[in-house]
1. How many of the residues in region 330-347 are touching a helix residue (DSSP H, G or I) at 6+ places or on another chain (Cβ under 7 Å) and crowded, with 16+ Cβ neighbours inside 10 Å?
2. Checking residue 187 against (1) farther than 26 Å from residue 50 by Cβ; (2) touching a residue at least 60 places away in the same chain (Cβ under 8 Å), only one condition comes out false. Which one?
3. Name the pairs whose Cβ atoms lie under 9 Å apart, with the first residue in region 166-179 and in contact (Cβ under 8 Å) with a residue 12 or more places away in the chain, the second in a strand (DSSP E or B) and aliphatic (A, V, I, L, M), and 6 or more positions between them or separate chains?
4. Among (1) within 17 Å of residue 310 (Cα to Cα); (2) touching a residue at least 40 places away in the same chain (Cβ under 8 Å), which single condition is residue 225 missing?
5. When region 250-279 is examined, which residues are found to be within 19 Å of residue 335 (Cα to Cα) and more than 17 Å from the chain's Cα centre (by Cα)?
6. Residues that are under 19 Å from the mean Cα position of the chain (by Cα) and under 21 Å from residue 329 (Cβ atoms), at least 1 per element: which helices (runs of 4 or more DSSP H) completely within region 161-249 meet that?
Amino acid sequence: MKKPKIAVIVRSLGLEYDDRVRKECITLAKVADVTLFVSFENNYEEEGETSYGIPYKSFHLKTREKLKSGKFLFIKALEFYFRVRNHIKDFDLIWAHEEYSFLFPLVSKENTCIWDLHEIPLWFEKPLISWLFNIIEKRSKIIIHANQHRINYLMKNKIVKYKHKHAFIRNYPDKTFLESKSIPENYNYFINWLNNEHYVYLQGLFIPGRYPYNIISALLETTSLKIVIVGKIDSNELRLLKNKYGQLMAPRVFFAGMINQLDIPQYLKNAMFSIVLYDYSIPNNRYCEANRFYQAINFGIPVIVGSNESMADFIKAYKFGIALEKDGRDIEEISHAITRMLDNYNYYSNNAEYCKNKLLWSDDTIKQEWLT
């Protein structure tokens, strides 16, 4: 029997960094012929194959070259759609990622497009635009969200009209990630720097709303632990840290930078604990379930999180970490949580060990009825 053809549409910093796209493509490729159509952040046009065996084609957009970054997103999305549409005419199903790709479910034949929303589509909350969301709902085969909290938020704000069209996929890690032996390029330097000392793992600190200054300051002031940071960190927050702690940073803080997803386990698996915080006032942050949160849990690593329900509820249910009363804006509260974590480390570590390999991505994560 001939396999169906699925076109995956995504805007990406890099396909080796996007774990959700990687996992979905690997699962889909077991039952279909999958091709990725991409708008890269660097705006390069190229063709190739990912490390996980999925062919891709990326597009250079003239509007991204000429129009200011972060502005005129509708115009850029329009050009992306028109550049891609001729390449996907013969595909059986379109799997379009993120709010940016809304034109694909809007204009595709009814029930031939899945809209995968990594974030809450806040643009469609505007009174003059919400009707457009309802058209997309009706035309889409299914709209996927990161968790039930985000669906509830949209329902509470009367954005959702067709409830049966909504489902969620939690961003659990897969066995490929957990079993990865991939070695980062600068790993030997890291091992020498670490010198067999204990450390805390941090990731995704590239915006102030994830409280990079508060987390790192609390760790430097409260403990003698080393700190490993994977990914980017907000430049202003980093400047403030360097101004305050100066030469203390180099021996205590290791910046791994941007690395492939499958390199992450080498930095994460031996950490004492991790901290994941998000500004509570922004809906997308409040209902976020970061993949680094689940990655830590599945390695049996305790986690400190903010009061955001989507992660705090897990912490409270399974006791593998600490949920703050606030979202992380209070440095003193973070410091107290760190002290509490270290004072009761065996308790949290044992509970985290119990949860190890429990919350995993599987082939059943993507429902067969979505693809037929």
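1. Of the residues in region 330-347, 5 are touching a helix residue (DSSP H, G or I) at 6+ places or on another chain (Cβ under 7 Å) and crowded, with 16+ Cβ neighbours inside 10 Å.
2. Unmet condition: (1).
3. Short answer, once both residue conditions are applied: 166/142; 166/143; 166/144; 167/142; 167/143; 167/144; 168/144; 169/144.
4. (1)
5. Within region 250-279, 252, 253, 271, 272, 273 qualify.
6. On the way: elements: 175-178, 187-194, 212-222, 235-245.
Helices (runs of 4 or more DSSP H) meeting the threshold: 212-222.
Any read-out appearing in this document is the output of simple, stated calculations on the displayed coordinates, not a laboratory observation. Everything numeric here is computed off the predicted structure, so don't read it as measured data. Virtual Cβ from ideal backbone geometry, glycine too; neighbours counted across all protein chains shown.
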